[in-house]
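Student: Handing you a structure now.
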Amino acid sequence: MTPIFLFGTLCHQPLLECVAGRSLRMEPAALPGFRAAWVAGKSWPMLEARDGAMADGALIVPEHDALHRLDFYEACFGYTRRAVRVFRDGAETEAEAWFPPDQAGEPGADWPLADWARDWGEISVLAAQEVMRRMGNEAPEAVGRRFGIIRARADAQIRAGRWHRPGHVGHGFRRVDASHRGTDHVHDGFFNTEEIHASHARFDGGSSGHLRRIVYRVADAVTVLPYDPVRDRILVIEQFRFGPFAQGDPSPWLLEPIAGLIDAGESAEHTARREAEEEANLALGDLHFVGRYYPTPGGVAQVLFSYLGIADLPDSAAGLGGHVDENEDILSHLVPYDLALRMLEEGDMANAPLILTMQYLVLHRDRLRADIRDG
């Protein structure tokens, strides 16, 4: 069988084993006439054609089933195999390598595997598990179109596993006091539906026994409510929401803070600023952290990060916005503080992050306005 030359992320052994479905031996090799480089502004590598260069990598000889899996994974990103000649132990040999139809992007700095593995290895392995579940059920290009949200979901799981509540109140149970007995993947899509099998310790000293629960898995998200302390008003956005529509709500267009999903490798603060620009054409000043919380912990695997964002909100700030590529239809409104209070009290704010952030503003409004005057 023709050897396969790997130059990039698949040289990370845990990722290679996840995709191939088995352990594969890698032998050092190099591809002449190419340089392994970061894709500028991205978190993955590319091969840049360059005379005299030599891209380090590895050779593998996968069996048919493993190669079929590897082909599927690479096809998710539009890569196909083509013949190359590489050097192994100083001798030139024939091989194949995966290439995109066009150059993958603008080349950046040299790409070190160790640096990528440190920052992206764990996320990539977890994302690859979801990608490979779709093999045989979905076309690779369809999976590839969702890879951004797949990585964001993986990043969210890893982020949650590294966070610890202070635990000032509580019995003291930890994750080791629950047993994960398996997961059935009911649906993989932009959002995932899973049936979790688990048991957990009870407060009376017993065990819950085997439980089956449906969980809706979403990537983590950020909400940010813009506030102008000089004009003493907020900006809220209005958009159609399928949740209220499915519930039979006669007014499924909700008033909300600006919100968006956190991309893999992105900080919550960066997401808040990015979404403010995309949804309302706003540049935010200081961000005030409101809270980190599970919006519906009984059945939704998602964490929200909410902020109040200081902003300049002239009359021209209201109007249409939204990301065209994401089919967003958004209308922003400027609301004076006194009217916002009335909306909060009378139920016109029917969105949990908006209620929470508005309550934060009630508590801190005087300080925020004083900070502007003193500054």
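The values are calculated or read from the model by the stated rules, or taken from the named source; none is laboratory data. Remember, predicted model here, so these are calculated numbers, not experimental data. Methodologically, a virtual Cβ is constructed for each residue, glycine included, from the backbone with ideal geometry; neighbour enumeration extends over all protein chains shown. Surface areas here come from the heavy atoms of the whole protein model, side chains and all, with no ligands, DNA or RNA. Shrake-Rupley method; radii C 1.70, N 1.55, O 1.52, S 1.80 Å.
Student: Quick one: compute the contact order of the chain, relative version, from alpha carbon pairs under 8 angstrom and 6+ residues apart, as a percent.
Tutor: Relative contact order comes out at 12 percent.
Student: Related question: Computing the accessible area with a 1.4 Å probe over protein heavy atoms, can you report the carbon and sulfur percentage for the chain?
Tutor: Details: 10160 of 20010 Å².
Looking at the chain in its full context, I get 51 percent from C and S.
Student: If you don't mind, another one. Per residue of segment 334-351, in order, report the coupling 6.51 cos²θ - 1.76 cosθ + 1.60 (Karplus, θ = phi - 60°) as ³J(HN,Hα) in whole Hz, putting x for Gly and Pro.
Tutor: Using θ = phi - 60°, the values come out as 9, 10, x, 4, 4, 5, 4, 4, 5, 4, 5, 6, 9, x, 6, 9, 9, 10 Hz.
Student: Taking the chain as a Gaussian network, where each spring joins two C-alpha atoms under 10 Å apart, which residue of G161, G298, G205 fluctuates the most?
Tutor: Maximum fluctuation in the GNM of the chain, among the listed residues, is at G205.
Student: May I ask you to derive the FRET efficiency for E94 and H187 from their Cβ-Cβ distance with R0 = 51 Å, giving the value to the nearest 0.05?
Tutor: FRET efficiency, E94 to H187: 0.75.
Student: Also, quick follow-up: Convert each backbone phi in segment 13-27 into a coupling constant with the Karplus relation 6.51 cos²θ - 1.76 cosθ + 1.60 (shift: θ = phi - 60°), then list the ³J(HN,Hα) values in order as whole Hz, x for Gly and Pro.
Tutor: Taking θ as phi minus 60°, the curve returns 3, x, 5, 4, 5, 5, 6, 6, x, 6, 7, 10, 7, 10, 10 Hz for segment 13-27.
Student: Say R0 is 30 Å: what FRET efficiency, to the nearest 0.05, do L368 and A114 get from their beta-carbon distance?
Tutor: The computed FRET efficiency comes out at 0.10.
Student: Quick check: with the 1.4 Å probe, what order do M135, M46 take by accessible area, largest first?
Tutor: If we order M135, M46 from most to least accessible, we get M135, M46.
Student: Another question about this same structure. Assign unit charges at the C-beta atoms only (+1 for Lys and Arg, -1 for Asp and Glu), then state the dipole size of segment 136-184 relative to its Cα centre in Debye, rounded to the nearest 20.
Tutor: 260 debye
Student: Hey, another quick one. Mind checking the per residue accessible area of segment 222-345 for me, 1.4 Å probe, whole number of Å²?
Tutor: For segment 222-345, the per-residue accessible area is 48 Å².
Student: Related question: Report ³J(HN,Hα) in whole Hz for each residue of segment 156-164, in order, from the Karplus equation J = 6.51 cos²θ - 1.76 cosθ + 1.60 where θ = phi - 60°; Gly and Pro get x.
Tutor: Couplings: 5, 5, 5, 4, 5, x, 9, 9, 10 Hz.
Student: Within segment 65-95, find all residues whose amide N lies under 20 Å from a label point positioned 7 Å from the Cα of M1 along Cα-to-beta-carbon.
Tutor: 65-76, 79-86, 88, 93-95
Student: Further, regarding this structure: Answer with a single label: of [x] 1.19; [y] 1.28; [z] 0.97, which was calculated as Cα Rg over 2.2 N^0.38 Å from the structure in view?
Tutor: So the structure-derived entry is [x].
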